[in-house]
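Structure first, then comments.
The values are calculated or read from the model by the stated rules, or taken from the named source; none is laboratory data. Remember, predicted model here, so these are calculated numbers, not experimental data. Using ideal geometry, Cβ is built from the backbone for each residue, glycine included, and neighbour counts are taken over all protein chains shown.
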Amino acid sequence: MAAHRIGLIGCGWIAPFHVAGLSQLGRRGEIVWVADPDEEHARTLAREAGARAITDYRTGLSDIDCAFVLIPHHLHPQVTVDCLKAGCHVLLEKPIANSLAEADTMIAAAEQNRRTLMVAYPHRYKRSFRLFKQAIDSGRYGRLIMLDSLMDDMVEGYLAEWMTRKATLGGGCLFSASGHQLDIMLWISGDVHAAYMVGTRGRVPMEGEDSAACILKFKNGSIGVARHTWASPRVRIWYTMEAMCEKAHVTLTCTPLGDQNTEGVRCRWQTRIVAQGKQDEVLLESDEGLDLAPEIEHFFECVDTGRTPETDGRMARKVSAVVLEAYRRAAADGANV
Ligand SMILES: NC(=O)c1ccc[n+]([C@@H]2O[C@H](COP(=O)([O-])OP(=O)(O)OC[C@H]3O[C@@H](n4cnc5c(N)ncnc54)[C@H](O)[C@@H]3O)[C@@H](O)[C@H]2O)c1
């Protein structure tokens, strides 16, 4: 299969993770250029990726067939639609957009131009979460009653100016980042019947909440709790997801062994899955961290076969719709910042 020709749009914090993911996939994709209006960002990533640096992505669209869109949230719609209209398939960093109307425009642009639009919710593609879901779906531990998740984040040394404003971020930490939990919950438990949230601003200088708790009732009767803070003094376990089933609790933990913000793609990780019923059972011990290779591989497979990505525009829209509905209720009750 011919290698895909890729342009990376946005050369900030997440971009080196995409470069590292692509390098694991060998000849599946070649990074032709990286684009950023900040020339220094573009040049630094270009060196790492062995690609050309450009400052305006629009000048490079005719040289590629796939665009990875890795930019601030308020810019997702315009840039994504530009890429789709130019005939490129798009892997877009989460969340899809700051409003559902913009998400609809992007989904329509993908359909009209017959191009793949996939939103990067990487966790469900990782080996650990595949195994976690299989363990629950197998029925071995009985019926799933509750999914309980905590993401413990510290944003010092990471928070860019656009993340501090609601107009550009789209909300607070729940909107920006809890999709990593909500996507997994919707994947495992299906459609949401009702969603609520409460939020507070602990110590991060931003307009939206830096800490939130979101509770979900699923149509299948089970419930979900997604807790998230960006105000952690020190990240211990970064991502915990516990599936409380009738016969056992199955817990996935993903722990950085260094400082993920400053070490970025060089940070090492430990991931474990343990089932605790009558006995303790270790289902997985690995060094998997924020590994984007599996999600990128899924994207290429969908582009090559015409298959719909698991996290296509419609799936990502569902995640954002849950958050926006929970925000609406919280605003009415004065329960967010
Ligand atoms: N999957 C994850 O775990 C994860 C983690 C962090 C960020 N993200 C997502 O990645 C995206 C980017 O976040 P980040 O942390 O890298 O932000 P960042 O602020 O570090 O980087 C954004 C970059 O985009 C550049 N940019 C702005 N306008 C541009 C344009 N028109 N064309 C090209 N580049 C442009 C900026 O100059 C900057 O270099 C967001 O959608 C964010 O939510 C995902």
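List of remarks:
- Filtered residues of the range 180-220 (kept if surrounded by fewer than 18 Cβ atoms within 10 Å (Cβ to Cβ), in contact with a helix residue (DSSP H, G or I) (Cβ under 9 Å, 6 or more places away or on another chain) and either of a type in the set (G, A, S) or not assigned by TED's automatic domain parsing to the domain that holds M163 (or both)): A194
- Exclusive hit being near the ligand (Cβ under 10 Å from one of its atoms), surrounded by 19 or more Cβ atoms within 10 Å (Cβ to Cβ) and of a type outside the set (V, I, T), set A46, A42, A103: A42
- Taking the range 247-273 as the range and being under 16 Å from G139 (Cα atoms) and among the hydrophobic types (A, V, I, L, M, F, W, C) as the test, the residues that pass are A248, V250.
- Of the numbered criteria (1) closer than 15 Å to L159 by Cα; (2) in contact with a helix residue (DSSP H, G or I) (Cβ under 8 Å, 6 or more places away or on another chain); (3) modelled with pLDDT under 95, the one T229 fails is (3).
- Close pairs (6 angstrom Cβ cut-off, 6 or more residues apart or separate chains): of a type in the set (S, T, Y) in the range 171-198, assigned to a helix (DSSP H, G or I) and modelled with pLDDT of 95 or more anywhere: S176/L169; Y196/A326; Y196/R329
- Matching option when the condition is of a type in the set (D, E, K, R) and part of a helix (DSSP H, G or I), among R314, R272, R307: R314
- The set of residues in the range 250-268 that are in contact with a Pro (Cβ under 7 Å, 6 or more places away or on another chain) and free of Cβ contacts under 8 Å to residues at least 24 places away in the same chain contains only C267.
- Considering the range 28-71, the residues that are aromatic (F, W, Y) and not in a helix (DSSP H, G or I) include one that is farthest from F17 (Cα to Cα), namely W33.
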